[in-house]
Amino acid sequence: MHSSAEARVLDAAYNLYVSEGMGALSMRRVALAIGNTAPALYKHFDSKDALIEAIAERGFEVFDSRLTKIA
């Protein structure tokens, strides 16, 4: 489970990924989306790779949820 601050970072990153793709995803762009600085994001995610992993986990959760609804 993520803290509310981590969830806010993850929400912004996930939305950026969904709307613009992986190439648009950067710590700086995520930080701008939430009105913060890129270095501040590292309090919540150790690296960009850790943030991408969290985005992937969220994507699998969404996929699982949709499959469950269909079944």
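Here is the figure for the stretch 21-38: residues that are in a helix (DSSP H, G or I) and either at pLDDT below 95 or of a type in the set (Gly, Ala, Ser) (or both) total 6. When you go through Asp49, Asp11 one by one, which is the residue that is surrounded by 14 or more Cβ atoms within 10 Å (Cβ to Cβ), without any contact (Cβ under 8 Å) to a residue 12 or more places away in the chain and within 11 Å of the chain's Cα centre (by Cα)? Going through Asp49, Asp11 in turn, just one is surrounded by 14 or more Cβ atoms within 10 Å (Cβ to Cβ), without any contact (Cβ under 8 Å) to a residue 12 or more places away in the chain and within 11 Å of the chain's Cα centre (by Cα): Asp11. For the stretch 36-46, the set of residues classified as open to solvent by less than 70 Å² (accessible area, probe 1.4 Å) and either without any contact (Cβ under 8 Å) to a residue 24 or more places away in the chain or farther than 13 Å from Ala13 by Cα (or both) consists of Ala38, Ala40, listed by residue number. Scanning the stretch 4-52 for residues that are closer than 22 Å to Val62 by Cβ and of a type in the set (Val, Ile, Thr) yields Val9, Val18, Val30, Ile34, Ile52. Taken together, Glu61, Glu6 contain a single residue that is out of contact with any Ser or Thr (no Cβ under 7 Å at 6 or more places or on another chain) and open to solvent by 70 Å² or more (accessible area, probe 1.4 Å), which is Glu61.
The values are calculated or read from the model by the stated rules, or taken from the named source; none is laboratory data. Here the structure is a predicted model, which is why all the values come from computation and not from measurement. Cβ atoms come from the backbone with ideal geometry, glycine included; neighbour counts cover every protein chain shown. Calculation scope for accessible area: heavy atoms of the full protein, side chains included, ligands and nucleic acids excluded. Shrake-Rupley method; radii C 1.70, N 1.55, O 1.52, S 1.80 Å.
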